[in-house]
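The values are calculated or read from the model by the stated rules, or taken from the named source; none is laboratory data. Because the structure is predicted, anything quoted here is derived from the model rather than measured. Methodologically, a virtual Cβ is constructed for each residue, glycine included, from the backbone with ideal geometry; neighbour enumeration extends over all protein chains shown.
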Number of protein chains: 4
Amino acid sequence: MTKPVCLVVGAGAGIGGTTAKRFAREGYHACLARRTDKEGLDRLVGEIEAESGSATGFILNAAEENSIERLVETIEADIGPIDVAIYNLGAQIGDRTLAETSLKAFEMGWRIATFGLFRLAWALCPHMVQRGKGTVLVTSATAAMRGNGGQHSHAAAMGGRRMLCQTLNAQFAPRGIHVVHIVIDGAVDAPDTLGKMLGPARYQELRERKGLEKDGLLLPAEIANTYFHLAHQHRSAWTHELDLRAFSDLPWWNHPSLSL
Amino acid sequence: MTKPVCLVVGAGAGIGGTTAKRFAREGYHACLARRTDKEGLDRLVGEIEAESGSATGFILNAAEENSIERLVETIEADIGPIDVAIYNLGAQIGDRTLAETSLKAFEMGWRIATFGLFRLAWALCPHMVQRGKGTVLVTSATAAMRGNGGQHSHAAAMGGRRMLCQTLNAQFAPRGIHVVHIVIDGAVDAPDTLGKMLGPARYQELRERKGLEKDGLLLPAEIANTYFHLAHQHRSAWTHELDLRAFSDLPWWNHPSLSL
Amino acid sequence: MTKPVCLVVGAGAGIGGTTAKRFAREGYHACLARRTDKEGLDRLVGEIEAESGSATGFILNAAEENSIERLVETIEADIGPIDVAIYNLGAQIGDRTLAETSLKAFEMGWRIATFGLFRLAWALCPHMVQRGKGTVLVTSATAAMRGNGGQHSHAAAMGGRRMLCQTLNAQFAPRGIHVVHIVIDGAVDAPDTLGKMLGPARYQELRERKGLEKDGLLLPAEIANTYFHLAHQHRSAWTHELDLRAFSDLPWWNHPSLSL
Amino acid sequence: MTKPVCLVVGAGAGIGGTTAKRFAREGYHACLARRTDKEGLDRLVGEIEAESGSATGFILNAAEENSIERLVETIEADIGPIDVAIYNLGAQIGDRTLAETSLKAFEMGWRIATFGLFRLAWALCPHMVQRGKGTVLVTSATAAMRGNGGQHSHAAAMGGRRMLCQTLNAQFAPRGIHVVHIVIDGAVDAPDTLGKMLGPARYQELRERKGLEKDGLLLPAEIANTYFHLAHQHRSAWTHELDLRAFSDLPWWNHPSLSL
């Protein structure tokens, strides 16, 4: 295959799938990996192909030993060199007190959000180093910047992820690999994640109150625009960290200013 | 005029002028303001016009009372609504001990790097609020994130600038004005600033050692790419802060890792 | 005089005066400087003397040219070497929109909160360098860490102050001068500042709701404990930055977690 | 027992053991837990008793399921209420490239540095909540603030730890539990950790070059002073995060300033 490959780990109907489509539209072969929903995966592949793009779908249990590693090897061997990898798995389980956060849930948060990225880098970076180039875009969250109440599992996992992005950058940027830590600071208009967490009724209510014409939810297609830009920054001017939020949302560092 | 206007305050031969050219190429009327060098300013305007773009040059002493304010009013009245403003003035004076940093130099640092932005916002934001949209891109520096030895004036001024970007964002983002704090973390291949600070011989030596084919200096044209992207992010997914550095440079938060 | 001197710039009835008393109780001669209220100043000196301490009061307009510089020289010449300096001036003017923040107010914020500290350091550090030791404790605010809505003047000034503390630390820590940036993250139970900003009725209401037996306001005497500790850290284990807040208050980096 | 209990998890000859001694000297019963070296542990207990203090030693494999949890229950049941817990375990393995960092090492880093603290909090916080008070002091590292080259395992684990400290603080501070994240930013003069990592010859060379009379290594006894202060801050003025470093060391956020 002569197309460059864009691998999306965590390719649901939100940021992952939408970004995959965007890269496919620009000439990449999209490799889509997600844990469940073969049907949704096939639909995504179909949608990309309907736009004359090309894509391959993979069902992947990222928590499973060797799964990510094998996926990388398979793609590198059978499809082509992975030019861009997007790590888009999270383990947000909603607000839970410490007592409600089981050891298992805490460990799973780390396994998905921190360890999975480590394993992806472990498998992929040697390939990229050999080619002297490559991009790893990491979808992250405000929880990587500060730990809110109820976010024991998510924040600890994302905080680890952020530091890992920095250590990867420290080692690999000089070798031509661009690692970006992207802080999504707000609710994304994504049926697979936010929609599932809230349930259909509350999700629709939120979309009507903040989203739709009001742009108060992060739109995946607009996020994908910035992902694409980041993957194409020239190596003389790379971004390592940036935030993304809806214009009407309160940044994580601000408290509401009641008197304005 | 039907073209949108892009105002660049601090339009030398580096980030400012190059970004102005980029916006002009994309259909903006570029308003270029700089303190001195009428000839260089005219040359920039000429280069833009030679590419079928349009531009107006202004000699502006930003430290002078009312200067920025008058410039904004003049452009809004005579040229057109300012869609994008790029504040690109700094006051880097090189490393100086506290004893070598005069009260005057310290004040001038603030006057240019912090107060000037405040005055620009003061004059411009009301216009943008009326239109419900606008972008303010602020070129900043690592000194806004941490204060290195010898940077008393520059760091204090840039730290103030960073916080001001956040307070502007807090008030104006919900009104549709996109304020971005752009951390340039490294040396820019710019003859007007770096070149002047180092002198021609050391500048050329640095370019040969790190820049040119090695991409080890930040290239203004590549920075301009990201500026343009930021100015065109959809309001559902705005970036407020990001860093830019050459792939081979040490980020400000890292110490060299001797053993790797 | 054989007592070490502790200079407090901004010695009102809150953090400044209370800290001065604490140092006086521990054997320091307290030099108290404040802008107005000679009577209150004399009362503070009297209270210190009533506890068998010693103190000198100064009325000081810190914004006035050469005022801080002269104060330092006077104390060094007439009273004794300044061992500890506490810079406790701020310029919080409450929440104001950009339009409500005059150029004059913005400049005064910087002049008091950033430039005054620069001038203090300029005058004092050479003395301390000669002695190979000294402590500069800087009372700062959350506004140094992030810019909230309505805080244009305060945040820009405090952001500059924070970076200045870092550049001072970078130059002077290796010479034995301990500079500490202390982030007061919450309302202080201080009649001179919070009390004046809120007015007596709202202040009393707040004290009853959060403070008094509830410890929901920062108590100056408890803050003073930590100031004293910081000034006596051994140089092998110095703190440069820390936060202080009431246990029941939301840290600046947290948003309320509604569901817990 | 009527003495308050101070539990130190990770009580070697450096910060842990020294802090335990300090608390014992101030009237606490010290519970010392460490993974190996029963002899060293007994010696520590003996030294505390020789100063008329009281202490109990525990050999604890913190990575083992249920070990920390059982320790907490044992102490609470048999010795007394844990007033102060100091989590002092780390998993610094020195600089290693990604290829040299095994999955196992990366997981172990997390298991010790992040998960262990989570488990301690899980077991201990309910007890403290019932009493409406308690202190958890967490020894952390610069790696929690930024990820240096070669620190994949350590930084990811410490970054997770830092966020966990914040989520614990968010939930438990209002319930009277003081959680502190202490950033040790430099080499500690500790034979058990630094000494083992460097080997006796390099350790002694470093001590002679930077430490001893030069105070260029963090002295455990001085660190313990600040730990003790933190544990006794009044709840109206708590610190959540602070740094500690030797006066002559470069803070993590600074690059050397060559020209000063």
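Going by what's in this entry, would D:G216 be described as without any contact (Cβ under 8 Å) to a residue 24 or more places away in the chain, away from chain A (no Cβ under 11 Å) and closer than 19 Å to C:T239 by Cα? Steps first, please.
Details: without any contact (Cβ under 8 Å) to a residue 24 or more places away in the chain: no; away from chain A (no Cβ under 11 Å): yes; closer than 19 Å to C:T239 by Cα: yes.
So D:G216 does not fit the description; no.
Of the residues that sit in region B:22-44 and are small (G, A, S) and within 19 Å of B:L120 (Cα to Cα), which one is surrounded by the fewest Cβ atoms within 10 Å (Cβ to Cβ)? Spell out the reasoning first.
Taking region B:22-44 and keeping what is small (G, A, S), we get B:24, B:27, B:30, B:33, B:40.
Add one more test, that the residue is within 19 Å of B:L120 (Cα to Cα), and what stays is B:30, B:33.
Details: B:A30: 28, B:A33: 25.
If we take residues in region B:22-44 being small (G, A, S) and within 19 Å of B:L120 (Cα to Cα), then B:A33 is surrounded by the fewest Cβ atoms within 10 Å (Cβ to Cβ).
May I ask you to list the residues in region C:60-84 that are of a type in the set (A, V, I, L, M) and surrounded by 13 or more Cβ atoms within 10 Å (Cβ to Cβ)? I'd like the intermediate steps shown before the answer.
Going residue by residue through region C:60-84, those that are of a type in the set (A, V, I, L, M) are C:60, C:62-63, C:68, C:71-72, C:75, C:77, C:79, C:82, C:84.
C:L60, C:A62, C:A63, C:I68, C:L71, C:V72, C:I75, C:I79, C:I82, C:V84, listed by residue number.
Give all pairs with beta carbons closer than 6 Å in which a residue from region A:142-157 that is more than 19 Å from D:S153 (Cα to Cα) and at the interface with chain D (Cβ under 7 Å from one of its Cβ atoms) meets a residue that is of a type in the set (S, T, N, Q) and assigned to a helix (DSSP H, G or I); count only pairs at least 6 apart in sequence or on separate chains.
A:R146/D:Q166; A:G147/D:Q166; A:G147/D:T167; A:G149/D:Q171; A:Q151/D:T167; A:H152/D:T167
Restricting attention to helices (runs of 4 or more DSSP H) lying wholly within region B:23-140, give those where 2 or more residues are touching a residue at least 24 places away in the same chain (Cβ under 8 Å) and aromatic (F, W, Y). Talk me through it step by step, then tell me what you get.
Values: elements: B:38-50, B:67-74, B:103-110, B:116-131.
Those helices (runs of 4 or more DSSP H) span B:103-110, B:116-131.
Could you please find all residues in region B:219-241 being at the interface with another protein chain (Cβ under 7 Å from one of its Cβ atoms) and under 19 Å from B:M145 (Cβ atoms)?
B:I223, B:T226, B:T239, B:H240, B:E241
Here are some conditions: (1) outside any helix (DSSP H, G or I); (2) under 21 Å from A:S140 (Cβ atoms); (3) touching a strand residue (DSSP E or B) at 6+ places or on another chain (Cβ under 6 Å). D:G147 meets all but one. Which one does it not meet?
Here D:G147 meets the rest and fails (3).
For region C:67-111, how many residues are of a type in the set (A, V, I, L, M), within 13 Å of another protein chain (Cβ to nearest Cβ) and within 30 Å of C:G149 (Cα to Cα)? Step through it out loud before you land on a result.
Keep residues of region C:67-111 that are of a type in the set (A, V, I, L, M), which gives C:68, C:71-72, C:75, C:77, C:79, C:82, C:84-86, C:89, C:91, C:93, C:98-99, C:103, C:105, C:108.
With the extra rule that they be within 13 Å of another protein chain (Cβ to nearest Cβ), the set shrinks to C:68, C:91, C:93, C:98-99, C:103, C:105, C:108.
Keeping just the survivors that are within 30 Å of C:G149 (Cα to Cα) gives C:91, C:93, C:98-99, C:103, C:105, C:108.
Counting residues in region C:67-111 that are of a type in the set (A, V, I, L, M), within 13 Å of another protein chain (Cβ to nearest Cβ) and within 30 Å of C:G149 (Cα to Cα) gives 7.
Test each condition in (1) within 14 Å of chain A (Cβ to nearest Cβ); (2) in contact with a Leu (Cβ under 8 Å, 6 or more places away or on another chain); (3) closer than 23 Å to D:A141 by Cα for C:L244 and report the one that comes out false.
C:L244 satisfies all of (1) within 14 Å of chain A (Cβ to nearest Cβ); (2) in contact with a Leu (Cβ under 8 Å, 6 or more places away or on another chain); (3) closer than 23 Å to D:A141 by Cα except (1).
Give the residue, chosen from B:P174, B:P191, that is within 14 Å of chain C (Cβ to nearest Cβ) and either without any contact (Cβ under 8 Å) to a residue 40 or more places away in the chain or of a type outside the set (D, E, K, R) (or both). Working first, answer last.
Working: B:P191 fails: within 14 Å of chain C (Cβ to nearest Cβ).
Every option except B:P174 fails the conditions.
Considering only region D:89-137, how many residues are within 22 Å of D:K196 (Cα to Cα) and of a type in the set (V, I, T)?
4
Suppose we keep only residues that are surrounded by fewer than 23 Cβ atoms within 10 Å (Cβ to Cβ) and of a type in the set (D, E, K, R) within region C:121-163. Which one would you say is nearest to B:G116 (Cα to Cα)?
Taking the candidates together, the pick is C:R146.
Of the residues C:T19, C:T2, which is surrounded by fewer than 24 Cβ atoms within 10 Å (Cβ to Cβ) and of a type in the set (S, T, Y)?
On the way: C:T19 fails: surrounded by fewer than 24 Cβ atoms within 10 Å (Cβ to Cβ).
Exactly one residue qualifies, and that residue is C:T2.
For C:D83, which of the numbered conditions (1) among the acidic types (D, E); (2) more than 30 Å from B:E64 (Cα to Cα); (3) at pLDDT below 95 fails to hold?
Here C:D83 clears every test but (3).
In the set D:A99, D:A55, D:A91, D:A77, which member is among the hydrophobic types (A, V, I, L, M, F, W, C), under 29 Å from A:L164 (Cα atoms) and modelled with pLDDT of 95 or more?
On the way: D:A55 fails: under 29 Å from A:L164 (Cα atoms); D:A91 fails: modelled with pLDDT of 95 or more; D:A77 fails: under 29 Å from A:L164 (Cα atoms).
Only one candidate qualifies: D:A99.
Find the residue count for region C:177-219, including only residues that are in contact with a Ser or Thr (Cβ under 8 Å, 6 or more places away or on another chain) and farther than 26 Å from C:L242 by Cβ.
0
Being within 17 Å of A:R245 (Cβ to Cβ) and hydroxyl-bearing (S, T, Y) is true for just one of A:T114, A:T142. Which residue is that?
Values: A:T114 fails: within 17 Å of A:R245 (Cβ to Cβ).
A:T142 is the lone residue from the list that is within 17 Å of A:R245 (Cβ to Cβ) and hydroxyl-bearing (S, T, Y).
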